[in-house]
Every structure is written in C-alpha cells, then in structure tokens.
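J.: First, the structure itself, so that you have it in front of you.
The values are calculated or read from the model by the stated rules, or taken from the named source; none is laboratory data. All figures in this text were calculated on a predicted structure; none of them were measured in a lab. Every residue, glycine among them, receives a Cβ derived from its backbone with ideal geometry; neighbour counts consider all protein chains shown. What goes into the accessible areas is simple: the full protein's heavy atoms, side chains included, and nothing from ligands, DNA or RNA. Shrake-Rupley method; radii C 1.70, N 1.55, O 1.52, S 1.80 Å.
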Amino acid sequence: MTNSLEAQLLELREEGEKAIAAADTLERLEELRVSYLGKKGQLGALLRSMGQLSAEERPKFGAIANTVKEALQNSLDQQRATLEGAKIQAQLDAETLDVTMPGIYRPQGRVHPLNGIIDKALDIFVGLGYTVATGPEMETDYYNFEALNTPPDHPARDMQDTFYLPDGNLLRTHTSSVHIRYMEPEEP
C-alpha cells in the first residue's frame with residue numbers, strides 16, 4: 001500500500017508542477033494552490049489516508065509528502081513571481097510617459113489694456129478693408145528721412161530730436177518710414 005501512496009504522491013507532484021507551470025493568470029494560480037495544497041486539496045486527501053499505514057511506514061510517507069508539498073509550494077511561488085513581474089511590466093509598458101513629447105503650453109499673464117484697445121481698433125479697420133503694416137523700430141536714415149524728402153538741415157534730424165545709434169541707424173521717429181517700406185513692394 002505504501003508504494004501505491006508513494007506513486008500517487010510522485011504523480012501528484014509531477015501533475016501539479018506541470019499545471020502550475022502552465023498557469024497564465026494569478027487567479028488560475030490561486031485555484032491550483034487551493035486544489036493541490038488547500039485544506040480539502042489533493043495532497044490533504046493523500047495525507048488523510050496516512051492513517052491506514054503502519055507506524056513504521058508513516059515517517060517515510062510523511063517525509064515524501066513534505067518534499068512534494070515543498071516542491072509544489074516552490075513552483076507556486078516561482079510562477080507567482082513570474083506572473084506578477086509580467087503584470088508589472090505590462091502595466092509599465094501601458095503607462096509609459098514619453099518625456100520627449102512637447103509639454104502643454106499654458107499662457108501666463110493677460111493682454112495689457114492698451115494693447116487690447118489697439119487690437120480691437122485694428123480688428124475694426126481690417127473689417128473695413130484696410131491693411132495693417134508693421135515695420136522695424138530701428139530704421140535707416142534713408143527710410144526715416146531721405147525717402148520722405150526731409151532736407152538735411154531739417155530740425156527733426158537734430159541730435160536732440162533723433163536718437164542715432166553707433167552703426168549709423170536710428171530709432172524710428174515716426175510711422176511714415178513704414179509707409180515707404182510698404183509702398184515699395186505694393187501697388188498704391
């Protein structure tokens with residue numbers, strides 16, 4: 001009778017290790033743990049039949065049963081670690097954050113009230129069919145004075161009326177230089 005119980009234990013171990021290795025979810029692994037090592041599991045049923053053995057055969061059978069239990073528990077632990085690792089890796093893959101993507105732009109501040117009024121006035125004039133032209137704040141002497149036929153001795157060219165820069169340019173003193181820049185490429 002001992003040989004048949006030993007054979008059943010070894011068969012249970014082989015079958016259990018194969019089933020545990022084939023488990024692909026943590027839920028299935030828990031079902032297998034209950035089926036093999038639970039209170040009413042297959043190993044428990046074999047251990048209950050140990051009462052039919054003689055006193056000399058029990059320690060030998062108990063030792064084999066303990067090795068089977070340890071082997072099944074080790075298989076369960078290894079498979080659980082593998083499945084949990086795979087679950088964590090899948091979660092990391094699904095939740096990756098691409099730090100190379102551009103961030104979300106959130107403008108800070110507000111439009112200055114004067115600029116807001118200028119924008120509204122421009123919208124009105126554009127709605128009426130006018131064109132908006134802009135030009136540089138730093139201008140050449142040609143666009144600021146020569147192209148407007150301002151004579152060289154005109155008071156606007158004096159040093160106290162115009163801010164001249166070291167490179168020969170100057171800060172725009174009026175918007176008429178933008179008119180010249182706009183009329184050169186455009187038809188009047």
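J.: Quick one: accessible surface of Tyr142, probe radius 1.4 Å, all protein chains present, in square angstrom to the nearest 10.
T.: Answer for Tyr142: close to 120 Å² accessible.
J.: Considering only protein heavy atoms, what per residue accessible area in square angstrom results for the chain with a 1.4 angstrom probe?
T.: On the way: 14100 Å² over 188 residues.
Here the per-residue accessible area is 75 Å².
J.: With no solvent and one point per C-alpha, what does the Debye sum give as log10 I(q)/I(0) for the stretch 58-136 at q = 0.18, 0.19, 0.22, 0.24 Å⁻¹?
T.: Those come out to -0.95, -0.98, -1.05, -1.10, one per q.
J.: Related question: Considering the dipole of the stretch 27-124 built from charges on the beta carbon (Lys and Arg +1, Asp and Glu -1) around the Cα centre, which of Leu72, Phe61, Tyr105 is farthest to its positive end?
T.: About the Cα centre, the residue reaching furthest to the positive side is Phe61.
J.: By a straight-distance test (C-alpha under 16 Å), which lysines pair with Lys60 as possible cross-link partners, with residues fewer than eight away in the same chain excluded?
T.: Counting by Cα, and skipping residues close in sequence, Lys60 has these lysines nearby: Lys69.
J.: Could you tell me the accessible area of Asp119 in Å² (1.4 Å probe, neighbours in place), rounded to the nearest ten?
T.: Rounded to the nearest 10, the figure is 80 Å².
J.: Kindly report, to the nearest 10 Å², the accessible surface of His112 as traced by a 1.4 Å probe over protein heavy atoms only.
T.: It works out to around 100 Å².
J.: Tell me, what % of the accessible area of the stretch 54-165 is carbon and sulfur with a 1.4 angstrom probe?
T.: On the way: 5230 of 9040 Å².
Carbon plus sulfur share of accessible area: 58 percent.
J.: Sticking with this structure for a sec: Considering the values [x] 62, 31, 29; [y] 131, 41, 31; [z] 43, 35, 30, which represents Cα extents along the principal axes in Å as calculated for the structure under consideration?
T.: Checking each listed value against the structure points to [y].
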